[in-house]
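The values are calculated or read from the model by the stated rules, or taken from the named source; none is laboratory data. Source: prediction; values computed, not measured. All Cβ positions, even for glycine, are placed from backbone atoms using ideal geometry, and neighbour counts span all protein chains on display. Areas reflect the complete protein model, heavy atoms only, side chains present, ligands, DNA and RNA absent. Shrake-Rupley method; radii C 1.70, N 1.55, O 1.52, S 1.80 Å.
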Amino acid sequence: MWKNMGLTGKIMVAMALGIILGLFINYSGLNAEGGFVNTYITNGFLAIIGKLFVNSLKMLVVPLVLISLICGVCGIGDIRLLGRIGTKTFMIYMFTTALAIATAIGLGSLFGIGKGMNIGTDATFEAASAPPLLDVFSNIIPSNPISAMANGDMLSIIFFAILIGVSILMVGKPAKGLVQSLELINEVILKMVTIIMNLAPYGVFALLTKAMADLGLDLIWSLLGYVAVLVGSLAFHFFITMMIVLKLASGLSIKTFLAKMREVQIFAFSTSSSNATIPITLRTVTKRMGVNNSVASFTVPFGATINMDGTAIMQGTATIFIANIYGIDLGVTEYLTVILMSVLASVGTAGVPGVGLIMLSMVFAQVGLPIEGIGLILGVDRILDMLRTAVNVGGDAAVTAIVAKSEGKMDLAIYNDPDAGAKDVFDGHIDEDNEREFSEVFSDGIMGSEYDDVDRRR
Ligand code: ASP
């Protein structure tokens, strides 16, 4: 049965099994520190498999973003059009993030979360310093592109790639061969994504079993009000608000969008990282939804870096919750400040696990809430991070689809074909024709002649 199942099915089964097994390990007490299971299974075998899987995704992020974006810029061809797409994408990202926080604040206030709750306000939280927002902007131009790539500084990489693309366009015709080569490299990297996607069921299983075994769900019950409103706001924003925006702005089928997003969201959920999910998001929107690479290669990494609807929702909900617990009244000005700060904070939040919480201290500082209050929600944040990351990447893909459709850069036949891109799986077997052709070229052609020369010289 497992053999005949499609990849999405396998990933979903792996997710469910991981959650069930992880919770079992947690509740049965098997995960006690120092015990066999804790040492060799959760912190041993599963940790290694999970890390290998996340590393294999991260490994592709920088080369993929760099090469696909250079190709994307060359594909657009018109520098002004590039500016227009950039501005439009940025505006929609900011608009939808503001909608997200408004939902969180609305629902949080409606249910009065945290009001009258007595969980003690003696929490402590040592806020790691959030990167100053000015740095986020001034680092857009890297002083050293190689170190930007080594550090995975996404905005710097985006800038550098666009600059290369624009310069290639200026060189014009003579650079045609270069662009063709880059496009081939891009295809090769996407094939690598395909290979790694086939490992996803095992990676997802390991990550989720470990996460659930370590975290359990106990803490959630003690903060049920906060968790319920946060999860409700995340679901409302993604399934209702974003889908209405998608339908109104593009007319695309919501059902198709949600079905094709499933895999991407499971990846985001299990890795808690929009950044690590970039290869899968990019592959899905281009190969499965028919978005032209000229749009997706920019909107996806840009979104993974600056567009965090789920994170903004957490920040809005947490603000209301903590304010209520400490009995601090927030007025209209404070609410507006929260909206503005959360939008900015989500821009400054890198798409890696847990950063949203660090940026929350910036929001709290602005509205005068006690930063140590963050300590109260710290325990549940790891699990909620998984959920909000799934919403973060969902927003990136929805806006990508909207922008692509409005620019006429979307192949609707691909979007509407449920199987598009789904069959491109790697089962360890390479197409026989390809194999033969390559072995002929390499053994007789390139390698062969070189060796002949070497032989002759001898
Ligand atoms: N983990 C989130 C992401 O990668 C960021 C955060 O909210 O901490 O999208």
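Residues that are open to solvent by less than 70 Å² (accessible area, probe 1.4 Å) and either closer than 24 Å to Ser28 by Cβ or not in a helix (DSSP H, G or I) (or both) within region 223-239 comprise Leu223, Val227, listed in sequence order. Only one of the listed residues (Gly327, Gly351, Gly290) is of a type in the set (Gly, Ala, Ser), at pLDDT below 90 and away from the ligand (no atom under 15 Å from the Cβ). That residue is Gly327. The set of residues from region 398-416 being open to solvent by less than 60 Å² (accessible area, probe 1.4 Å) and acidic (Asp, Glu) comprises just one member, Glu407. Within region 293-324, the set of residues being within 16 Å of the ligand (Cβ to nearest atom) and closer than 14 Å to Leu69 by Cβ comprises Thr299, Val300, Pro301, Phe302, Gly303, Ala304, Thr305. Counting just the residues of region 62-86 that are within 19 Å of the chain's Cα centre (by Cα) and among the aliphatic types (A, V, I, L, M), which one comes out surrounded by the fewest Cβ atoms within 10 Å (Cβ to Cβ)? Ranking the qualifying residues of region 62-86, first place goes to Val62. Within region 383-441, the only residue that satisfies the criterion of being among the basic types (Lys, Arg) and either within 16 Å of the ligand (Cβ to nearest atom) or touching a Lys or Arg at 6+ places or on another chain (Cβ under 7 Å) (or both) is Arg388.
Pairs meeting the criteria (first residue in region 266-283 and without any contact (Cβ under 8 Å) to a residue 40 or more places away in the chain and within 11 Å of the ligand (Cβ to nearest atom), second residue open to solvent by 10 Å² or more (accessible area, probe 1.4 Å) and β-branched (Val, Ile, Thr), beta carbons under 6 Å, at least 6 apart or on different chains) are lacking. In region 240-262, the condition of being open to solvent by 10 Å² or more (accessible area, probe 1.4 Å) and at positive phi is met by at least one residue. The residue pairs whose first member lies in region 332-353 and is open to solvent by 60 Å² or more (accessible area, probe 1.4 Å), whose second member is of a type in the set (Lys, Arg) and part of a helix (DSSP H, G or I), and whose beta carbons are closer than 9 Å, counting only pairs six or more residues apart or on different chains, are Pro353/Arg382.
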